[in-house]
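Working notes, structure below.
No lab work stands behind these numbers, since they all come straight from the coordinates. All values reported here derive from a predicted model rather than from experimental measurement. Here the Cβ positions follow ideal geometry from the backbone for every residue, glycine too, while neighbour counts run over all protein chains shown.
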Amino acid sequence: MTAFGPFGGTAEVDLEDLGASGVFLLCGDTGAGKTTVLDAVCFALYGDLPSRRAKAKQLRSHFAPDGVGPQVVLEASFSDRRLRFTRSPAWRRAKRRGTGTTEEKAKVLVEERRSETWEVLAARPDEAGLLVGDLLGMTKDQFDQVVLLPQGQFDTFLSASAEDRQQVLTRLFATHRFEAVQRWLVERRTALRRDSGTRAAQVAAVLHHLAEAAGTTVPEELAGSPEQSAATGATVAWATGLRTTATEQRDEAEQEHTATAEAATHAHTALERERVRADQRRRYDTARADAARLESGADRAAADAGRVAAAERAAPVAGLADRAERTRERAVRAEREAVAALGSARDWLPQEVEAAGAAPGDEAASSPSDGGAAPAAATVAAYADAAVRHATVAHELLPHVDELAEVRRSLDELADRVAATDRATESLTRAQEAAETEVADTEERVAGLEAAAVGLEGARAALAATEAALSRHAETEEVERLVEVARERVGDAEQRRDQARTHRSDLRERRLLGMAAELACRVADGEGCPVCGSREHPSLAIPASGSPSPDDERVAQTALDTADSELQVAREELTTARTRLGHLREAADRRGLRELAARQEQHAADVAAAAEAAECLPRAREQRDAASARHGRTGRDLARTQAERAGLLEQREQVRRRADAIAQRLLRLLDDGGAELPPDEEGLPAAVRAFSERQRRAAEALRAAREALEARDREQAAAESADREADAAATAAGFADRAHAVAAVLPADRVSALRAELGAREATLARAQEVLADPAVLASLEGPDPDPDHARTLHDEAARRHAHALAAVTRARERAGAVERHLASLTDELEGWAPVRDALEVARGVAELAEGKGVHNAAAVSLSAYVLSARLSQVVAAANERLTLMSDGRYVLEHTVERAVGDRRGGLSLAVRDEWTDESRDPVTLSGGETFVVSLALALGLADVVTAESGGTRIDTLFVDEGFGSLDPDTLELVMDSLDDLREGGRVVGVVSHVTELRSRIGTQLVVSKQRLGSSLDVVHAAT
């Protein structure tokens, strides 16, 4: 063990050497670390302390030097295998850099000795746990109960309630599967009950819907006991009756509906017949009136037909005449536009064109009749092409002008940006210096707070230790008071015992003196004397007044036994209080109360100061980190700004070179185009734009003149062609000339109206003649006049009766259908419910049996308790083998299934039978020594059974931790003899105790000594 518990350095224990004698003693001062040796064994195997000490989280020794971590190394033999377990719990160490602490994680290493070398088997906690489980076949709790018999907890299992004892046995014997079966049965019963309730609710809902569909209510006997009604068939019988009634009502309604339907059909036929006759009469009268009206307007209709025919022949001629007129107008307009265009282009033509004798703007030269415009048009076209070429050259110059202006603006912008970066660089330099100062200040504050907060845990530990010492002082005073009270109770009990003993002795003596009279009372005439056998009784003794009876003596004996029991209990309480007081005095701090109070006040102030520093430390660190972040951001911004300024300077130089190149290109292009060059570079853009604009206007004017001359020639040719086409069309249509054809034209809407009137007249006349010749119409003129109103009245009455019958049969059908559907649903629900009810009945009985309830389980023993009861019987049998020896044959453990007082379930109760009095006693009535003996025997028996249950894994080493101080010398001798039997069986027994007698009896000892720098171990071999 290194830095583990009270061992500040490294301590080694050779258990093979200690176990050579079979029994060894682990002794030492209170608090020296005897139990820590056992804790180290458990921790090395399972990575945790025994259950009673498992809450301890800080395993590193307070005596350990800085930087030394806790570690336990255990070498153990498992049959023919030799393994080494190395474990380190989690602990906090000082950081290698800076201040503060950091956590070291828990570590484990399992190795096996093979061929003189150690080979690694596991290096992870889960792997090590599985390996130990395979090797030992038991859990940590089982190992704790089997190997490390717990200190001060021998009587816990003996005096526990049935529920607590069941939890211990369940954990040791791993009978969770039976509890799982028990829980499953209960859950199965609950699930079936829930399912049955759901199905009952579904059946009730279907019954409600069925009753609602049938127009009735559910009977109370069905709604009150749905399960019984479903089981007896009453539910189905009631539902079947509803279906029969609904079927009969439906059949009656269908018969009534059929009769009214036939009557309604006859009435409808009569109504339709009267309607048809009345309609034929109206058609005949209308047709006869239309025929007379049309015959009177025949002449006007013929004239309208002639006008429509002439308009149809003239329509194409009118269109051609209109087009010829429009073409002539366009030709005149084109002539005027050509003259105007030639006048606008005169300024852009050379003087030699005008000197040729054909001025472009002269009307005589431009007249279409003499052909003088042809030479002018060709010349204008040539000069227009030349102007277009010059304009193209000028257009190519314009982008360079815009680019030059843009480049000059860029130069100005770059100059502004360079100035802005200069200002930003100066501002960021000042911010960088301020950030450096803030970082230094916050670093200094954080260092001070960290130094103050480092001692927080130490101050808290010191405060806790001081408070614990004060508490022990207060507890010691309270226990001293309890000792005095217990001493007084012992004195009172001894006085009552002596009085009861004196009273009993007095009664016995007086009864012996009057024994002759008592025997004389039993003598009867004719019977033998119980003393001498004589049948003659000459002088019988007479009982004295006030002589005690046997009942009086029994009452006195009972009082004496009660007084003895009370005295024994009082002595045990006194012994317990004295033992507790001794332990407290050993653990008490030797310093006075005043000194402890002063130290407590000082430690509390130290804790408050360190806590305040620790509370302020996160905020200070945040401020330091924020200042550092600002310092970094400012530095990055400054470097980025300086880099940006250098880039802007380089970019400005490149733009300046670009501006010079563009200006040289513009001057070269102007010179090539024949334009006048500007006196300086500033006038270059204006000169380029003026040259471009002048070439553009020349090209546009000349191009417009050429297009106007060409358009004039096209329009004149088109006008002449349109006139010829219109005249030819008029002659072909039968008109004298184009003017007569245009006069015959009618508007399109008028022609459409006339055609519609002629068509409607012919259609109306044809329909009237057809109606007048229709045989059905002629037949309607025969017989009486039709009366459709009377027929409608009869029809409406028949339809009303039929509608009423239809509604009635619809309701009856719907009711019958609904009843049938709900009956089918009810049948399905009942069929699905039946097996659930049967299963629930079975599950209810089995679950109650497994829970220890119901009439079939009178002992109230649950399934898991029943299984554990068998294990407990084995434990009791194994324990009695040792208890008989330890108690010199007086006590025997008994296992009973009867419930003890306060227990809800039976099966796990224990009693102690006193063979001297032949009576069973509750374990709580045993004295302290008797409780230890019985509990030790029970623990050893439990260890044997658990070992066998875990697969026969044999643990050769057994530790018994404390408890021997409550034994008298004779009982101690018997217990040691029982432990010797374990040694003779091949097992090694380690006894943990501070009892002086054991040091003289057990020669091999492991002595634990406590010192100011931590505990140490020494092995002592003495003659026994």
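Provide the packing ranking of 792-804, 422-434, i.e. peptides ordered by the mean count of other C-beta atoms within 10 Å per residue, highest first.
Packing proxy ranking, top to bottom: 792-804, 422-434.
Once R0 is set to 41 Å, what does the formula 1/(1 + (r/R0)^6) return for the Cβ-Cβ distance between Asp713 and Glu403, expressed as a FRET efficiency to the nearest 0.05?
E(calc), rounded to 0.05, equals 0.35.
Would you mind ranking Thr247, Thr170 so that the residue whose beta carbon has the fewest other beta carbons within 10 Å leads the list?
Least crowded to most crowded, the residues run Thr247, Thr170.
May I ask you to evaluate 6.51 cos²θ - 1.76 cosθ + 1.60, the Karplus curve with θ = phi - 60°, for each residue of segment 608-619 and list the ³J(HN,Hα) values in order in whole Hz, giving x for glycine and proline?
5, 5, 5, 5, 5, 5, 5, 5, 7, 4, x, 5
Place a point 7 Å from the Cα of Ala468 along the Cα-to-Cβ direction; which residues of segment 567-581 have their backbone N under 19 Å from it?
580-581
Grab the Cα-Cα distance for Glu12 and Arg508, subtract it from 0.36 nm times how many residues apart they are, and report the gain in nm with one decimal.
171.9 nm
At Arg657 and Gln228, where each label point lies 7 Å from the Cα along Cα→Cβ, what is the point-to-point distance in nanometres?
Simple spin-label model gives 11.3 nm for this pair.
Where Lys and Arg each count +1 and Asp and Glu each count -1, what net charge lies around Arg273 among other residues with Cβ under 15 Å from its Cβ?
For residues surrounding Arg273, the net value is -3.
Around Ser909, which amide H atoms from residues at least 5 apart in sequence, or from another chain, sit under 5 Å from its own amide H, with H modelled in the peptide plane?
Under 5 Å from the amide H of Ser909 lie the amide H atoms of Thr896, each far enough along the sequence or on another chain.
Mind giving me the nanometre distance, one decimal, between the label points for Ser1000 and Glu444, set 7 Å out from Cα along Cα→Cβ?
Inter-label distance under the simple model: 7.3 nm.
What nm value, rounded to one decimal, do you get for the distance between Arg417 and Ser752 when each label is placed 7 Å out toward the C-beta?
Simple spin-label model gives 7.0 nm for this pair.
Report the FRET efficiency, 1/(1 + (r/R0)^6), for Lys1010 and Ala434, where r is their Cβ-Cβ distance and R0 is 45 Å, rounded to 0.05.
0.15
Between Glu615 and Asp126, what is the FRET efficiency for a Förster distance of 35 Å, r being their Cβ-Cβ separation, to the nearest 0.05?
After rounding, the FRET efficiency stands at 0.35.
Under the rule of at least 5 residues apart or a separate chain, name every residue whose amide H is placed under 5 Å from the amide H of Trp91.
For Trp91, the qualifying residues are Glu104.
So how do Tyr866, Tyr46 line up by other beta-carbon neighbours within 10 Å, fewest first?
Least to most surrounded, the residues fall as Tyr866, Tyr46.
Full-extension gain between Ser927 and His790, please, as 0.36 nm times their residue separation minus the C-alpha to C-alpha distance.
Roughly 37.2 nm would be gained on extension.
Take Arg1012, Arg882, Arg313 and order them by how many other Cβ atoms sit within 10 Å, fewest up front.
If I rank by nearby Cβ atoms, fewest first, I get Arg1012, Arg313, Arg882.
Does segment 7-137 come out rounded, prolate or oblate by the C-alpha gyration tensor, with a ≥ b ≥ c the root eigenvalues, rounded set by a/c under 1.5 and, if not, prolate when a/b is larger than b/c and oblate if not?
Since a/c reaches 1.5 but b/c is at least a/b, the shape of segment 7-137 is classed as oblate.
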